[in-house]
Amino acid sequence: MSAMVFWPVVIGIIFALIVVLLMYSVKIIKEYERGVAFRFGHIRPLMEPGLHFIVPGVDKLERIDLRVVTLTIPPQEIITKDNVSVRVNAVVMFEVTDSRKAVLEVENYAMATSQIAQTTLRSLLGRANLDDLLAHREELNEDLANIINSQTERWGVVTRIVEIKDVEIPEMMQRALAREAEAERERRAKVISAHGELQSSKELREAAEELSKAPAALQLRYLQTVLELGADQNSTIVFPLPIDIMGGFMDNLGTFSKAFADSSAALKSQQD
């Protein structure tokens, strides 16, 4: 092979090797990433966003995403403290705050966080009653986040949000809860009605005391009631009769009945 052919081929091969080497050596770290590089098994300084060079075959680069990761916990079969079987699923949002720990302290931080979240969900909700699970979900979410954080902080992972998405209750228990809610509504209605009757009786007593101070006001109230009844265009005739007159009549009727009984007894004794 002549020199005119040999050297261009060599230069071309060298150029191709340089291009391939650059392709494997140049690494671009995005703004939301951090790079953790190892050289001969030893960790190197953290790579910030920008252009970086590594030695192929010598350095190994691990990219860590710093954005919030949304993790869906699959439905879990849980038996609550009051022995009710429910299916609960949740969502966990976490992010990496220390890239070095996320690489050095755990093999797969996303999988480890998922397993910790599932275990904590079953453990915590198993100690809660069904009423607490349905009515105090915010407190349970905070407790879940705190417990998960206590396990994942050493990995450089922080849990931001834990939300219980859905609670599936057996149909029989749903009917029992519906009956309980209906009974509670009826109880509140009766209590409200009783309070209304009590307040009404107090108002009527005060009104009676005020009317008793002015007999003429009572007569005017009688006339107003008659006027209201006559406005309906009915054939009912209402005649107001004062209670005082009826009281006197009843007293006289009692005296008359006693005198009549005495006279009847005296007449019968004379006949005998």
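Here the label points at S201 and I18, each 7 Å from Cα along the C-beta direction, are separated by 10.6 nm in the simple model. Each residue of the range 192-202 is assigned a 3J(HN,Hα), and the resulting list reads 5, 4, 5, 5, x, 5, 4, 5, 5, 5, 5 Hz, derived from the Karplus form 6.51 cos²θ - 1.76 cosθ + 1.60 (θ = phi - 60°), x at Gly and Pro.
If the cut-off is a Cα-Cα distance under 17 Å, which aspartates and glutamates reach K190, setting aside same-chain residues fewer than 8 apart in sequence? The qualifying aspartates and glutamates are E180, E182. Between E105 and any residue 5 or more places off or on another chain, the built amide H atoms are never under 5 Å apart. The length gained on full extension between V84 and T72, counted as 0.36 nm times the residue separation minus their Cα-Cα distance, comes to 2.0 nm. For E206, the solvent-accessible surface computed with a 1.4 Å probe is close to 90 Å², ligands and nucleic acids excluded. Computed with every protein chain present, the accessible area of Y32 is close to 80 Å² [probe 1.4 Å].
The values are calculated or read from the model by the stated rules, or taken from the named source; none is laboratory data. Here the structure is a predicted model, which means the values were calculated and not measured. Here the Cβ is made from the backbone with ideal geometry for all residues, glycine too, and neighbour counts use every protein chain on show. Accessible surface is based on the protein model in full, side chains and every heavy atom, while ligands, DNA and RNA are left aside. Shrake-Rupley method; radii C 1.70, N 1.55, O 1.52, S 1.80 Å.
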